[in-house]
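Data block below; observations after.
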Amino acid sequence: GENVEQHPSTLSVQEGDSAVIKCTYSDSASNYFPWYKQELGKRPQLIIDIRSNVGEKKDQRIAVTLNKTAKHFSLHITETQPEDSAVYFCAANIASNTGKLIFGQGTTLQVKP
Amino acid sequence: DTAVSQTPKYLVTQMGNDKSIKCEQNLGHDTMYWYKQDSKKFLKIMFSYNNKELIINETVPNRFSPKSPDKAHLNLHINSLELGDSAVYFCASSQARGGGTEAFFGQGTRLTVV
């Protein structure tokens, strides 16, 4: 069935280090892969997304890569800061016009000052 | 100027009661959703409406009944609340036509059943 696996579930880094979160998806027809950041007690908010016709996308300190063949995509955060501490979710759409997103299990990122 | 707003933010109620959560979006999107986030932070879709028509109905108990009076509003009514219904419920909206697009989330409703 439709599934998105996300690893690791928790990640602790020192301020200034890089953080990488990886996801795999099961539906080969998926073509949209957003990443959401959820701070404690807040709503999930989109930080970056990528479509299947692109292999990599960057926005300042964050970047996402996509390997369609392997059905993997990853989030890279460089020069981490304490305010990057949050739960990060990857997601993949189910290829239809429903807009349905299947979310990964989430990664709790802690950036230590 | 909130894009997706839901009320109430907190809801504490006893087992067996019936409660409703309301959601409104001012983004002009054609599709709205209800997601449930459990204590392990897992986000799972429950329902989706496109222009007032139900298009996604995951395996949710029929005690949960969504209602969309128009494409800007999607409410969730829950009958006979159970302890296991305690969670954060998020409303979201997106422009689903043409494939995947960003989903905008409301601030969430933390439901606690005691």
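The values are calculated or read from the model by the stated rules, or taken from the named source; none is laboratory data. Source: prediction; values computed, not measured. Methodologically, a virtual Cβ is constructed for each residue, glycine included, from the backbone with ideal geometry; neighbour enumeration extends over all protein chains shown. Heavy atoms of the whole protein, side chains included, go into the accessibility calculation; ligands, DNA and RNA do not. Shrake-Rupley method; radii C 1.70, N 1.55, O 1.52, S 1.80 Å.
Largest first and in whole Å, what are the equivalent-ellipsoid semi-axes of the stretch A:15-103 based on the Cα gyration tensor, each being the root of 5 times an eigenvalue?
Computed over the stretch A:15-103, the values are 23, 16, 10 Å.
Any idea what diffusion coefficient chain B gets from Stokes-Einstein, in µm²/s, Kirkwood Rh on alpha carbon pairs, 10 °C, 1.306 mPa s? Mind dumping the intermediate values first?
Details: Rh = 14.0 Å.
Rounded, D is 113 µm²/s.
Which whole-number percentage describes the relative contact order of the stretch A:20-113, with Cα contacts under 8 Å and a sequence gap of 6 or more?
Working: 192 pairs, mean separation 28.5, N = 94.
So the answer I get is 30 percent.
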| Net dipole in debye of the stretch B:1-55 [+1 Lys, Arg Cβ; -1 Asp, Glu Cβ; about Cα centre; nearest 20] | 320
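Let me know the Kirkwood hydrodynamic radius for the protein assembly as shown, please, with Cα pairs as the basis and the value in Å to one decimal. Show your work: numbers first, answer last.
Details: mean 1/r = 0.0554 Å⁻¹.
Every distinct Cα pair counted, the radius reaches 18.1 Å.
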| request: Kindly count the pairs of lysines across chain A whose alpha carbons are less than 26 Å apart, treating pairs on different chains or eight or more residues apart as eligible. | output: 27
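Per residue, how much accessible surface does chain A expose to a 1.4 Å probe? Answer in Å², no decimals. Don't jump to the answer; show the numbers that get you there.
Numbers: 5520 Å² over 113 residues.
The answer is 49 Å² per residue.
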| Just counting partner chain Cβ atoms within 10 Å, what average do the residues of peptide B:43-51 show around their Cβ? | 3
| field | Ordering of B:74-86, B:23-35, A:48-60 by burial proxy (mean other Cβ atoms within 10 Å per residue, highest first) | value | B:23-35, B:74-86, A:48-60
| remark: If every Lys and Arg gets +1 and every Asp and Glu gets -1 at its Cβ, then about the Cα centre the stretch A:1-65 yields a dipole, in debye to the nearest 20, of 200
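Evaluate peptide A:98-110: per residue, the Cβ atoms of other protein chains within 10 Å of its Cβ; return the mean as an integer.
On the way: counts 10, 22, 11, 11, 3, 7, 2, 4, 5, 1, 1, 0, 0.
Taking the mean over all residues of the peptide, I get 6.
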| query | For the stretch A:84-113 and the stretch A:1-61, what is the separation of their C-alpha centers, rounded to whole Å? | reply | 5
| message | Name the residue from A:Leu109, A:Thr78, A:Tyr32 whose Cα lies farthest towards the positive end of the charge dipole of chain A, charges +1 on Cβ of Lys and Arg and -1 on Cβ of Asp and Glu. | response | A:Tyr32
